[in-house]
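J.: To start, I am sharing the structure in question, which I have written as structure tokens.
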Amino acid sequence: MRRQDRMVTDIDEIKGILNSTRIIHLGLMDGDYPYVVPLHFGYEFTDEALYIYVHGHYEGKKFSLIQANPHVFIEIDGSDEALVSGGDIPCKYSSVYSSVMGRGEATYLEAIDEKSHGLQVLMKHQTSREFTFTEAMVNSVGVVQIKIVDYTAKRRRQLEQDTIMPPLTK
């Protein structure tokens, strides 16, 4: 990472970034070109390893691509994004942001208990609630577990002197 001053290594701060958003961008290989899809996700740390869970229809492009090549890339933007004004000097503009990016190995889950666990983690992250899943519910979707094998987290905080630009409106 080029900007070591923005690297985040504290696990609680990384969890804070992950907890601040509900969308992950999942990068897959589709022949010679990458394929990136935004998805709802859930996560957990088990024995200090980060696991991401996503779901969708058990047939389709993302599941076919994962089965063909389980090596994936994730990118998650924290919800703290804001444009910092540079005034009349374009090169002085910056952003407040946080992100987590990493490489992982995706596994299409087959066992009911594993799929149910993945769905529970996903729904807990998305809604802060726990749910009961019937076997029919679990069987109606595909669930993918991604073991993140290498990741980095980065943050640029708002500084006292920063002037934040208003959000875009149409």
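J.: Regarding the range 149-161, can at least one residue be identified that is touching a Lys or Arg at 6+ places or on another chain (Cβ under 9 Å) and within 24 Å of residue 59 (Cα to Cα)?
T.: no
J.: Give the range 70-94 a look and list any residue that's assigned to a strand (DSSP E or B) and within 21 Å of residue 6 (Cβ to Cβ), or say none.
T.: If the condition is that a residue be assigned to a strand (DSSP E or B) and within 21 Å of residue 6 (Cβ to Cβ), then 73, 74, 75, 76, 77, 82, 83, 84, 94 are the ones that fit.
J.: Also, I was wondering about something else. Does residue 93 fit the bill of being more than 22 Å from residue 59 (Cβ to Cβ), among the aromatic types (Phe, Trp, Tyr) and over 23 Å from the mean Cα position of the chain (by Cα)?
T.: yes
J.: With the structure loaded, tell me whether residue 42 is in contact with a helix residue (DSSP H, G or I) (Cβ under 8 Å, 6 or more places away or on another chain), over 27 Å from residue 140 (Cα atoms), open to solvent by less than 50 Å² (accessible area, probe 1.4 Å) and of a type outside the set (Asp, Glu) or whether it fails that test.
T.: Judged against the criteria, residue 42 is not a match.
J.: Another question, if that's okay. Run residue 122 past the list (1) part of a strand (DSSP E or B); (2) in contact with a His (Cβ under 7 Å, 6 or more places away or on another chain) and report the number of the one that doesn't hold.
T.: Every listed condition holds for residue 122 apart from (1).
J.: For the range 99-125, what are the residues that are surrounded by 17 or more Cβ atoms within 10 Å (Cβ to Cβ) and more than 16 Å from residue 41 (Cβ to Cβ)?
T.: Answer for the range 99-125, where residues must be surrounded by 17 or more Cβ atoms within 10 Å (Cβ to Cβ) and more than 16 Å from residue 41 (Cβ to Cβ): just 116.
J.: Restricted to the range 48-98, and to residues that are closer than 14 Å to residue 14 by Cβ and in contact with a helix residue (DSSP H, G or I) (Cβ under 6 Å, 6 or more places away or on another chain), which residue is surrounded by the most Cβ atoms within 10 Å (Cβ to Cβ)?
T.: Going through the qualifying residues, I end up with 98.
J.: Does the range 14-31 hold any residues that are at pLDDT 95 or above, surrounded by fewer than 18 Cβ atoms within 10 Å (Cβ to Cβ) and more than 14 Å from residue 76 (Cα to Cα), and which are they?
T.: 29, 30
The values are calculated or read from the model by the stated rules, or taken from the named source; none is laboratory data. Note that the structure is predicted; figures quoted are calculated from it, not measured. Every residue, glycine as well, gets a Cβ built from its backbone with ideal geometry; the counts of neighbours run over all protein chains shown. Ligands, DNA and RNA are stripped out before the accessible areas are found, and what is left, the full protein with its side chains, is counted by its heavy atoms. Shrake-Rupley method; radii C 1.70, N 1.55, O 1.52, S 1.80 Å.
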